[in-house]
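What follows is a short report on a single structure.
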Amino acid sequence: MLHEVPQNPPTLGADLRALRKARGLTLTDMAEALERSVGWLSQVERDKSEPTISDLRQIAQVLDVPMSMLFGQSSAPAHEQGYIVRAGARRPMGGSDEGLIEELLSPDLTDDFEMVHSTFAPRSEMQMPATRPTQEVGYVVEGKLNLRIGTQEFSVGPGDSFRIRGEEYHWSNPHDEPCVAIWVIAPPVY
């Protein structure tokens, strides 16, 4: 009889490595940006060394992610880690300064993609258009959202989905109700 070998739950080191690679940074690039040794960074990514809060703050800045993304690896019971993300245990991502609140639906950042739960506040708008080296598909659960992808403009609502492939995009929610969307992004960017 075959027995499944239990996988180790994802770790802070695994998430840091995934984020670094998603940004196209080598160990050397990242170590230089942090003014630390490649050996130290390698040990952090392999969970052989634990970074301080100051280190994490600097790492978050270099990777352009909020500090909150670097926490939360062990909030699930041991048997659920790496498999289940409970509604109340999602990791927040980014700030809400534009009226966008995002939470990670994926258990970690070690897959080839990530799933994100996005809530766009009423009367909110992206401040500057963005371009990311990703492929993204979004699905609107509730509310309405205006999108500009490349030079084309769209209005999407419940049940609609859309795709962005490395193109410049911009969103706005000029409506009185929030818009909730689920995004799949490859490779992970948070």
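The values are calculated or read from the model by the stated rules, or taken from the named source; none is laboratory data. Everything numeric in this text was worked out from a predicted model, so none of it was measured. Using ideal geometry, Cβ is built from the backbone for each residue, glycine included, and neighbour counts are taken over all protein chains shown. When the accessible area is computed, the model is the full protein with side chains, heavy atoms only, and any ligands, DNA or RNA have been set aside. Shrake-Rupley method; radii C 1.70, N 1.55, O 1.52, S 1.80 Å.
Here are some notes:
- Choice from T110, T151, T119 with maximal GNM fluctuation in the chain (Cα, 10 Å cutoff): T151
- Apolar share of the accessible surface for the chain: 51 percent from carbon plus sulfur atoms, 1.4 Å probe.
- Grouping the Cα pair distances of the stretch 92-148 into 5 Å bins from zero gives a pair-distance distribution of 4, 14, 24, 30, 19, 8, 1 percent in increasing distance order.
- Charge dipole (debye, nearest 20) of the chain; +1 at Cβ of Lys and Arg, -1 at Cβ of Asp and Glu: 240 debye
- Distance between the modelled labels on Q58 and V137, one decimal in nanometres: 4.1 nm (7 Å Cα→Cβ projection).
- Modelled spin-label separation between S42 and T151, with each label point placed 7 Å from Cα along the Cα-to-Cβ direction: 4.9 nm.
- For the chain, adding -39500 (n - 2.57) for each run of n ≥ 4 DSSP H residues and dividing by the number of residues yields -6000 deg cm²/dmol at 222 nm.
- Ordering V189, A31, L56 by Cα displacement along the dipole of the chain toward the positive end leaves A31 in first place; charges were set at the Cβ atoms of Lys, Arg (+1) and Asp, Glu (-1).
- The distance separating the Cα centre of the stretch 169-184 from that of the stretch 21-71 comes to 32 Å.
- Projecting the Cα atoms of L100, A89, I149 onto the charge dipole of the chain, computed from C-beta unit charges around the Cα centre, puts A89 farthest toward the positive end.
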